[in-house]
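Written below as structure tokens is the structure these notes are about.
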Amino acid sequence: MQHMGTKLLQTDRLILRPFTMADAQAMYDNWASDPAVTEHLSWPAHRSINDSIVVLEEWTADYEKSNFYQWAIVCRESGNAPIGSISVLSIDEQVLKAHIGYCIGKRWWHQGVTTEALRAVIRYLFDEVGLQRIESMHDPRNPNSGAVMQKCGMQYEGTLRHFFKSNQGICDACFYSILSTDEMP
């Protein structure tokens with residue numbers, strides 16, 4: 001395993017890049033302030049742009065670390081403004097695995113954007129960083145997130161009861177994973 005940090009990744013429709021402080025307004029406007037986006041997440045909707053600024057200050061400082069992976073999701077057709085984020089939430093170096101989380105603004109839901117971003121991150125983490133397992137989870141009341149995982153070749157492993165606290169309260173977690181040896185669509 002060789003940590004390489006948050007490198008620029010590109011797909012047909014997307015640019016995945018590090019965030020900058022100039023992204024605060026887009027972050028706030030496009031997804032972070034929307035309770036519909038954060039409904040099944042563990043962090044609350046941002047109440048002001050200052051909340052977005054505080055998060056971006058932390059993330060931009062962390063880009064100096066080679067084991068920090070946090071991308072802004074940018075649609076090529078929309079300019080340089082991010083519409084969401086995708087990141088490695090945790091890494092276990094002993095078993096070469098990472099846990100990924102993501103969210104995008106609801107204006108871009110059901111367009112394959114998150115699937116395209118997740119595929120790019122999975123490929124990067126397998127091919128360049130050298131991970132062997134990538135996992136993610138979702139609240140069962142948010143089946144669209146599980147559909148994204150399935151479209152990327154992730155396999156359902158089970159549901160852990162009362163596993164985490166989201167903005168809906170204590171909830172179950174449906175776990176999915178993909179191994180570097182698995183075929184990815």
- Query: Dipole of the stretch 107-149, Cα-centred, from +1 at each Lys and Arg C-beta and -1 at each Asp and Glu C-beta, to the nearest 20 debye?
  - Reply: 140 debye
- When the charge dipole of the chain is computed with +1 on Lys and Arg Cβ and -1 on Asp and Glu Cβ about the Cα centre, the Cα farthest towards its positive end, among TRP108, TYR63, SER42, belongs to TRP108
- Item | Label-point separation, ILE170 to GLU58 (7 Å along Cα→Cβ), nm | 2.4 nm
- Message: To the nearest 20 Debye, how big is the dipole of the chain about its Cα centre, given +1 on the beta carbon of each Lys and Arg and -1 on that of each Asp and Glu?
- Response: 300 debye
- Item | Label-point separation in nm, GLU128 to ALA147, each point 7 Å along Cα→Cβ | 3.0 nm
- Item | Long-range tail of P(r) for the chain (Cα pairs > 21 Å, %) | 48 percent
- Could you give the length gained on full extension between ILE49 and HIS162, defined as 0.36 nm per residue of separation minus the Cα-Cα distance, in nm? 37.5 nm
- Task: Run the accessible area of the stretch 67-185 with a 1.4 Å probe and give the carbon-and-sulfur part as a rounded percent.
- Result: 46 percent
- Item | Where the stretch 83-181 is the region considered: accessible area per residue in Å², 1.4 Å probe | 48 Å²
- Task: Any chance you could count the Lys pairs in the chain whose alpha carbons are under 23 Å apart, treating pairs 8 or more apart or on different chains as valid?
- Result: 7
- Message: Let me check something: with ligands and nucleic acids excluded, how do ARG17, ARG119 order by accessible area (1.4 Å probe), largest to smallest?
- Response: ARG119, ARG17
- If we count every other residue with Cβ under 11 angstrom of ASP172's Cβ, Lys/Arg +1 and Asp/Glu -1, where does the sum land? +1
- Note on the structure: With +1 on the Cβ of every Lys and Arg and -1 on the Cβ of every Asp and Glu, the dipole magnitude of the stretch 45-110 about its Cα centre, in debye rounded to the nearest 20, is 380 debye
- Query: Over the chain, what is the mean sequence separation of C-alpha contacts under 8 Å (at least six apart), divided by residue count, expressed as relative contact order in percent?
  - Reply: 22 percent
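The values are calculated or read from the model by the stated rules, or taken from the named source; none is laboratory data. Given the structure is predicted, the values throughout are model-derived calculations rather than measurements. Glycine gets a Cβ as well: all are built from the backbone with ideal geometry, and neighbour counts include every protein chain shown. Ligands, DNA and RNA are stripped out before the accessible areas are found, and what is left, the full protein with its side chains, is counted by its heavy atoms. Shrake-Rupley method; radii C 1.70, N 1.55, O 1.52, S 1.80 Å.
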